[in-house]
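The values are calculated or read from the model by the stated rules, or taken from the named source; none is laboratory data. Keep in mind that what you see is a predicted model, and the values were worked out from it rather than measured. Ideal geometry is used to build each Cβ from the backbone, glycine not excepted, and the neighbour counts take in all protein chains shown.
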Amino acid sequence: VTAGGTATLNITTSASAAAGTYPLTITGSGASGTHTGSYNLTVTGVTPPGGLVNGGLETGSLAPWTCQSGGAVVSTPAHSGSYALQAAATGGQTGQCAQTVTLSPNTSYTLSGWVQGNYAYLGVSGGATASTWTNAAGWTKLTVPFTTGASGTVTVYLHGWYGQGNVYGDDFGIA
């Protein structure tokens, strides 16, 4: 680009790009020098079929999950990809991490996810109530069948049990 001119950079994501904010560094080089700019690319996306967003935690961010104190996205252990969800159970809390999703009303679904840790619970509450748990040191796939109520809205959750330490979850989905 000559002095006083402009250039346009178009960035395209795929339909499967996870919602989140991604840092970008753009560098332009030429005979007269190099210029660098830092930007954030925000992918808003749409809620995928099944309503669950960031089920693999691959955005590296909790959003739209919310957790009790100590809950976080961690890089190890991860079932697949680079990240997993950590729920921090203490003597005073289960460490619950949750996400509210809207599905079709009065419809049967199955929540699935890979979990590990002492008393790792996976379930739904709100417009439906169902859960299961395991007590496994390694990754274990849990499935929770449920039927939505009239609103179709449920809260998906992962939590541990009081005083049993951290539990981890990854690769959550609703089918």
Residues within region 141-172 that are more than 23 Å from residue 70 (Cα to Cα) and small (Gly, Ala, Ser), tallied: 4
Test: residue in region 136-149 that is in contact (Cβ under 8 Å) with a residue 40 or more places away in the chain, in contact with a His (Cβ under 6 Å, 6 or more places away or on another chain), farther than 30 Å from residue 23 by Cα and surrounded by 15 or more Cβ atoms within 10 Å (Cβ to Cβ): yes
Tally of residues being without any contact (Cβ under 8 Å) to a residue 60 or more places away in the chain and in a strand (DSSP E or B) across region 108-130: 15
Check on residue 105, outside any strand (DSSP E or B) and either over 17 Å from residue 78 (Cα atoms) or of a type in the set (A, V, I, L, M) (or both): yes
Contacts under 7 angstrom Cβ, first residue in region 1-17 being farther than 12 Å from residue 41 by Cα, partner modelled with pLDDT of 80 or more and of a type in the set (Val, Ile, Thr), 6 or more apart: 9/26
Verdict on residue 105 being surrounded by fewer than 20 Cβ atoms within 10 Å (Cβ to Cβ) and at pLDDT 95 or above: no
Evaluation of residue 71 against (1) crowded, with 21+ Cβ neighbours inside 10 Å; (2) modelled with pLDDT under 95 (one fails), failing number: (2)
Candidate set: region 131-175, residues that are touching a Phe, Trp or Tyr at 6+ places or on another chain (Cβ under 6 Å) and not in a strand (DSSP E or B); chosen: the one nearest to residue 82 (Cα to Cα): 160
Only listed residue being closer than 19 Å to residue 60 by Cα, of a type outside the set (A, V, I, L, M, F, W, C) and crowded, with 20+ Cβ neighbours inside 10 Å, chosen from 113, 127, 81: 113
